[in-house]
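> Sharing a structure here in structure tokens format.
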Amino acid sequence: MNAKPNNLDALLDEKRQFGASAEFRKKAVVRDRGIYDKAKDDRLNFWESWAETLKWNEKWHTVLEWTPPYAKWFLGGRINVSENCLDRHLDEGRCDKTALIWEGENGESRHYSYQDLLEEVSRLANSLKSLGVKKGDRVAIYLPMIPEAAIAMLACARIGAVHSVVFGGFSPQSLADRINDLRATCLITADGGYRRGGVVPLKINADKALESCVTIEKVVVVARAGQPTKEFSAEMQNGRDHWYHELIRGAESNCSPEVMDSEDLLFVLYTSGTTGKPKGIVHTTGGYLTQVVATTKCVFDLQEDDVYWCTADVGWITGHSYIVYGPLANGATVLMYEGAPDWPDKGRFWEICQKYNVSIFYTAPTAIRAFMKWGKEWVQKYDLSSLRLLGTVGEPINPEAWVWYHEVIGEERCPIVDTWWQTETGAIMISTLPAVSQTRPGSAGEAFPGICTTLLDEDGESVKAGFLAITEPWPSMLRTIYGDDERYEDTYWSKWNGIYFPGDGAKIDEDGFLSILGRVDDVLNTAGHRIGTMEVESALVDHPSVAEAAVVGKFHEVKGEAIAAFVILKEKWDASDELVMDIRNHVAEKIGAIARPDSIVITADLPKTRSGKIMRRLLKDVAEGKALGDTTTLADPSVVQGLKKQYLSEQQ
């Protein structure tokens with residue numbers, strides 16, 4: 001048997017480049033490469049200069065203490081995150097500036113000025129203290145995308161309680177697992193949340209979860225869904241449960257922020273592992289806030305009059321860093337939306353952009369591919385002239401989806417920032433700065449100033465296509481896995497000595513631009529070539545009929561692995577044997593015969609997590625005829641069951 005190759009084969013060769021307009025560059029936050037030079041000359045001084053833009057109660061005495069793999073940033077510094085997101089903006093003249101715009105699925109809206117938001121956060125903070133929640137206690141937050149979700153996070157930060165947000169789409173068992181691992185003493189939830197016209201029964205789910213949670217003492221319930229129905233009701237347990245609106249009614253609107261050490265815990269956010277229980281990613285205070293402030297300001301070119309919309313849920317790290325903490329600490333106007341992008345119709349996002357004059361729009365590639373599938377006519381019904389910058393996050397974006405985003409949503413005038421980062425990194429690590437670098441479809445760009453990345457093979461040698469590695473600590477990095485230092489070390493630091501391995505493959509071109517090739521767990525090993533799934537999927541999406549694609553490897557006696565592709569067609573295209581053959585040949589023409597899929601299944605949907613990521617592990621089970629693995633994190637478990645039946649019938 002041949003030895004497994006040490007590096008990845010990089011097949012796609014994308015040369016198209018796009019730059020910001022002269023007008024955009026003239027007004028940009030970062031206009032030249034001096035920021036990179038400053039960070040390269042003195043990396044710690046660079047991060048210290050960003051920390052100095054924040055309000056500290058006491059300044060640090062040491063910028064970084066690094067005992068691999070454990071980092072401490074801004075030692076001796078004392079700070080409060082909530083104060084930096086709210087109070088200091090009143091001192092800087094933003095008292096009446098809109099901090100938060102909220103649009104409900106049913107069309108209702110709320111606006112909060114920075115003064116309003118501070119008072120609401122203070123009332124909840126005081127209310128939590130009245131329930132016995134104190135500094136260091138853990139609070140679980142299980143809410144829909146409503147303002148109270150951000151308010152709850154900021155209230156916890158204000159009193160020094162550690163919050164852990166659990167996505168409102170998770171099951172009672174998933175909620176219970178996270179509460180029990182964290183040993184949370186308080187839960188903040190809602191009676192329900194709206195989704196595609198229906199109500200998600202959050203309180204009912206929470207009550208089921210709490211049957212196996214012995215540490216929860218108090219539950220705060222937001223009245224979101226309204227009157228109980230036969231199918232939906234929120235029963236309140238005397239002594240334990242409290243309605244949010246009743247709790248805050250008599251609370252003081254002034255709450256002094258708790259002075260926190262820079263390394264005190266801010267939040268624990270759980271991310272699914274490939275095996276075993278979810279990992280509680282620990283993020284602390286001063287370093288995390290420093291990096292989310294810097295990246296929000298520079299990557300999104302944040303201006304004082306921007307209306308900024310990140311479409312993520314606060315249940316994910318993107319919602320933490322780029323809905324709540326990064327934008328609000330920068331004094332931005334932030335938009336939150338409760339519902340789905342296709343409810344009540346497929347133009348909802350663009351209606352909202354028009355209604356609120358959104359200028360910065362940050363979403364996931366999976367959403368962009370859905371927009372492509374629905375067709376540009378849904379976009380062109382609305383005036384999107386307010387948009388000036390677009391962003392993507394969550395997974396690599398296919399070049400053709402990038403170009404469609406640029407041409408149809410951005411009307412060929414909005415720079416696109418393609419950002420790479422993780423729950424574990426806390427903040428953006430790789431991205432172009434929109435006024436500084438040319439952007440290239442499918443490429444994230446280069447490491448953010450002050451971030452040190454390289455590509456390595458299994459032996460730790462530098463390569464042009466291989467494993468992405470981060471060689472120096474960064475301020476917003478995870479500190480450990482909650483309660484499990486050993487798992488932290490084994491998962492992220494065991495591949496190479498003192499170097500962080502994020503689990504992704506990547507390639508670098510002659511201009512220093514990094515393209516993420518996908519999780520190395522998803523790498524295909526076919527006929528002696530190690531091929532990233534992203535490249536084959538990009539070639540598939542390049543075909544005019546294909547809206548979205550997922551690729552996995554299946555066992556092959558000769559090749560080792562054969563390529564199996566699952567494809568969603570754009571609307572108005574019909575499946576046929578001739579189309580399948582044309583798509584297969586298109587892939588071969590685009591990146592070589594070695595990448596031609598052995599099989600293509602045309603499907604109406606793909607198995608995705610609730611955050612929109614494709615579960616290729618389950619597709620591999622389908623392609624190889626195995627029993628399906630765990631499907632509990634899927635948004636719709638029936639999708640993979642139907643796909644399995646379809647695949648088996650087509651292979652007979």
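The values are calculated or read from the model by the stated rules, or taken from the named source; none is laboratory data. What you see is a predicted model, and the numbers here were worked out from it, not measured in a lab. Neighbour counts are summed over all protein chains in view; Cβ atoms, including those assigned to glycine, are modelled from backbone coordinates with ideal geometry.
> Test each condition in (1) under 25 Å from residue 42 (Cβ atoms); (2) assigned to a loop (DSSP other than H, G, I, E, B) for residue 469 and report the one that comes out false.
The number of the failed condition is (2).
> Let me ask another. Being touching a residue at least 40 places away in the same chain (Cβ under 8 Å), of a type outside the set (D, E, K, R) and part of a strand (DSSP E or B), is that true of even one residue in the range 340-348?
For the range 340-348, residues touching a residue at least 40 places away in the same chain (Cβ under 8 Å), of a type outside the set (D, E, K, R) and part of a strand (DSSP E or B): absent.
> Among the residues of the range 296-334, how many are assigned to a strand (DSSP E or B) and closer than 23 Å to residue 613 by Cβ?
Looking only at that region, the number is 2.
> Let me ask you something else. Return yes when residue 121 is in contact with a strand residue (DSSP E or B) (Cβ under 8 Å, 6 or more places away or on another chain) and either within 20 Å of residue 304 (Cα to Cα) or in contact (Cβ under 8 Å) with a residue 60 or more places away in the chain (or both) and no when it is not.
no
> Is there a residue being more than 24 Å from residue 29 (Cα to Cα), in contact with a strand residue (DSSP E or B) (Cβ under 7 Å, 6 or more places away or on another chain) and of a type in the set (A, V, I, L, M, F, W, C) anywhere in the range 379-394?
no
> Can you tell me which residues in the range 261-295 are modelled with pLDDT of 95 or more, hydroxyl-bearing (Ser, Thr, Tyr) and out of contact with any Pro (no Cβ under 6 Å at 6 or more places or on another chain)?
262, 284, 285, 288, 295
> Just to be sure, is residue 122 in contact with a helix residue (DSSP H, G or I) (Cβ under 8 Å, 6 or more places away or on another chain), part of a helix (DSSP H, G or I), in the same structural domain as residue 249 (by TED's automatic domain parsing) and crowded, with 24+ Cβ neighbours inside 10 Å?
The answer is yes for residue 122.
> Okay, moving on. Would you confirm whether any residue within the range 435-451 is in a strand (DSSP E or B), out of contact with any helix residue (DSSP H, G or I) (no Cβ under 7 Å at 6 or more places or on another chain) and more than 27 Å from residue 373 (Cβ to Cβ)?
The answer is yes; a qualifying residue exists.
> How many residues are small (Gly, Ala, Ser) and loosely packed, with under 13 Cβ neighbours inside 10 Å if we restrict to the range 24-59?
Final tally of qualifying residues: 1.
> Which residue pairs have Cβ atoms under 7 Å apart, sit 6 or more places apart or on different chains, and have a first residue in the range 240-263 that is within 30 Å of residue 62 (Cβ to Cβ) and a second that is among the aromatic types (Phe, Trp, Tyr)?
From the range 240-263, the pairs are 262/60; 262/73; 262/74.
> Another one. Exactly one condition in (1) at positive phi; (2) touching a helix residue (DSSP H, G or I) at 6+ places or on another chain (Cβ under 7 Å); (3) at pLDDT below 95 is false for residue 331; which is it?
Just one mismatch for residue 331, condition (3).
> Taking the stated definitions as given, is residue 199 surrounded by fewer than 24 Cβ atoms within 10 Å (Cβ to Cβ) and out of contact with any helix residue (DSSP H, G or I) (no Cβ under 6 Å at 6 or more places or on another chain)?
Considered against the rule, which asks whether it is surrounded by fewer than 24 Cβ atoms within 10 Å (Cβ to Cβ) and out of contact with any helix residue (DSSP H, G or I) (no Cβ under 6 Å at 6 or more places or on another chain), residue 199 comes out as yes.
> Just to be sure before I move on: is residue 471 assigned by TED's automatic domain parsing to the domain that holds residue 282, modelled with pLDDT of 95 or more, closer than 21 Å to residue 420 by Cα and β-branched (Val, Ile, Thr) in the structure I sent?
yes
> Please state which of the following conditions residue 430 fails to meet, knowing it meets all the rest: (1) under 19 Å from residue 534 (Cβ atoms); (2) surrounded by fewer than 21 Cβ atoms within 10 Å (Cβ to Cβ); (3) touching a Leu at 6+ places or on another chain (Cβ under 7 Å); (4) of a type outside the set (Gly, Ala, Ser).
Checking residue 430 against (1) under 19 Å from residue 534 (Cβ atoms); (2) surrounded by fewer than 21 Cβ atoms within 10 Å (Cβ to Cβ); (3) touching a Leu at 6+ places or on another chain (Cβ under 7 Å); (4) of a type outside the set (Gly, Ala, Ser), the one that fails is (2).
> Farther than 19 Å from residue 416 by Cα, β-branched (Val, Ile, Thr), in a helix (DSSP H, G or I) and in the same structural domain as residue 59 (by TED's automatic domain parsing), is that true of residue 293?
In short, yes.
> Here's something else I'd like to know. Name the one entry in 151, 188 that is more than 21 Å from the chain's Cα centre (by Cα) and buried (at least 21 other Cβ atoms within 10 Å of the Cβ).
Result of the check over 151, 188: 188.
> Taking into account only those residues within the range 154-179 that are among the hydroxyl-bearing types (Ser, Thr, Tyr) and touching a strand residue (DSSP E or B) at 6+ places or on another chain (Cβ under 9 Å), which is surrounded by the most Cβ atoms within 10 Å (Cβ to Cβ)?
Going through the qualifying residues, I end up with 164.
> Considering (1) crowded, with 19+ Cβ neighbours inside 10 Å; (2) among the small types (Gly, Ala, Ser); (3) more than 24 Å from residue 303 (Cβ to Cβ), say which one residue 410 fails and leave the rest.
Only one criterion in (1) crowded, with 19+ Cβ neighbours inside 10 Å; (2) among the small types (Gly, Ala, Ser); (3) more than 24 Å from residue 303 (Cβ to Cβ) is unmet by residue 410, namely (3).
> Also, I was wondering about something else. Among the candidates 56, 73, single out the residue that is closer than 28 Å to residue 147 by Cα and touching a strand residue (DSSP E or B) at 6+ places or on another chain (Cβ under 7 Å).
Sole residue among the options that is closer than 28 Å to residue 147 by Cα and touching a strand residue (DSSP E or B) at 6+ places or on another chain (Cβ under 7 Å): 56.
> Among the residues of the range 512-545, how many are small (Gly, Ala, Ser), under 26 Å from residue 569 (Cα atoms) and either in a strand (DSSP E or B) or modelled with pLDDT of 80 or more (or both)?
Adding up the residues that qualify gives 5.
> While we're here: Within the range 138-147, track down each residue that is buried (at least 24 other Cβ atoms within 10 Å of the Cβ) and farther than 17 Å from residue 215 by Cα.
Hits for the range 138-147 are 143, 144, 145.
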